[in-house]
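Trainee: The following block contains the structure, expressed as structure tokens.
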Amino acid sequence: MSYNEILKGFSFDKEVERLEKQALLGVNKELKALKSLGIQEDSLILEVGSGPGIYTKILLDKFKNSEIVCLDNNAEMLKHSYELLHDDYKDRVSFINDDIMRSSLPGNYFDVVIARFVFQHLSYPERALKEIYRVLKPGGKVIIIDVDSGLWGLTYPNNQLINNLNNQLSAFQSNKNGNREIGRVILTMLKLLRFKNLDIEALINHSEILGKDNFRHNFDIEKVKDKNLYNMMKSYNDFFDLKHSSIMILKLVFYGEK
């Protein structure tokens, strides 16, 4: 994953803070979408790229009889997740330091696999989908929540700042073997890999409803060594200092069944 490379540019605490804000942004709409897609209260869920466990906690609180396996290839993130969740949810959550593209997980095992903002960072997303197909039970559900740069960051006033930032971020991720245009190909990959009953939903987060501060990222940018990444982060936050600026971001929810 290229995410681990990107993470090196930030302090760990600031990245956890950013991920917490990301997890909570428009989360009620997201949970409604998960329920409408048929996640049951007693599901066995694999969360791919579970990170610091913030979204895991949201899922555990929403699906109160579920069990969740947190899978992440970043040991520091997984440690944070363990410390956050183990005491209160120890009978319902477990932690595996592994890579979804070549995991040691058992086959035909999970009811649901959720991957949230993971696929844009994968060098070989089709390998991850093959592995997800393998570990799902027959009839099991995969839910991928991600973005596409072509549908991300519609702004007012209409200017090129966020568009340029988005293009730069896309190029940056491409150089790290990621793909910020992943949204437009996920359904095609699901179909080619024999997933069925495909579906897609778009969830809209708008700063006039959720507040501009929830879209701003308090990166510790003075510690960012990569000049291009520094400029991207600074430009992004400067936009929100404009008096009447607003932003609309689309999250895409993809669904398939084994």
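The values are calculated or read from the model by the stated rules, or taken from the named source; none is laboratory data. Worth saying up front: this structure is predicted, and the values here are computed from it rather than measured. Cβ coordinates were reconstructed from backbone atoms using ideal geometry, including for glycine residues, and neighbour counts include every protein chain displayed. To get the accessible areas, we keep the full protein, side chains included, count just its heavy atoms, and leave off ligands, DNA and RNA. Shrake-Rupley method; radii C 1.70, N 1.55, O 1.52, S 1.80 Å.
Trainee: Where residues in the stretch 189-218 are open to solvent by less than 30 Å² (accessible area, probe 1.4 Å) and in a loop (DSSP other than H, G, I, E, B), which of them is modelled with the lowest pLDDT?
Mentor: Applying the filter and picking the extreme gives F215.
Trainee: Only helices (runs of 4 or more DSSP H) wholly contained in the stretch 68-184 count here; list those with 1 or more residues that are at pLDDT 95 or above.
Mentor: Fully inside the stretch 68-184 and qualifying: 75-89, 125-135.
Trainee: Continuing with this model, one more query. Among the residues of the stretch 35-56, is any in a loop (DSSP other than H, G, I, E, B) and in contact with a Cys (Cβ under 8 Å, 6 or more places away or on another chain)? Give the steps one after another, and end with the answer.
Mentor: First, pick out the residues of the stretch 35-56 that are in a loop (DSSP other than H, G, I, E, B): 37-43, 49-53.
Now drop any that are not in contact with a Cys (Cβ under 8 Å, 6 or more places away or on another chain), which leaves 50, 53.
Checked against the condition, which is being in a loop (DSSP other than H, G, I, E, B) and in contact with a Cys (Cβ under 8 Å, 6 or more places away or on another chain), the stretch 35-56 yields at least one hit.
Trainee: For the stretch 233-258, how many residues meet the condition of being in a strand (DSSP E or B) and over 11 Å from F215 (Cα atoms)? Don't jump to the end; show me each part of the working.
Mentor: Filtering the stretch 233-258 for residues in a strand (DSSP E or B) gives 246-257.
Then keep just the ones that are over 11 Å from F215 (Cα atoms); that gives 250-257.
The total comes to 8.
Trainee: Also, quick follow-up: I need a count of the residues in the stretch 43-91 that are in contact with a His (Cβ under 7 Å, 6 or more places away or on another chain) and more than 20 Å from D146 (Cβ to Cβ).
Mentor: Restricting attention to the stretch 43-91, the residues satisfying the condition of being in contact with a His (Cβ under 7 Å, 6 or more places away or on another chain) are 52-53.
Filter again for more than 20 Å from D146 (Cβ to Cβ), leaving none.
Of the residues in the stretch 43-91, 0 are in contact with a His (Cβ under 7 Å, 6 or more places away or on another chain) and more than 20 Å from D146 (Cβ to Cβ).
Trainee: Within the stretch 24-68, can you find the residues that are surrounded by fewer than 23 Cβ atoms within 10 Å (Cβ to Cβ), over 17 Å from K141 (Cα atoms) and in contact (Cβ under 8 Å) with a residue 60 or more places away in the chain?
Mentor: L24, L25, G26, K29
Trainee: In addition: Between F63, F110, F95, which is within 22 Å of K191 (Cα to Cα) and hydrophobic (A, V, I, L, M, F, W, C)?
Mentor: F110
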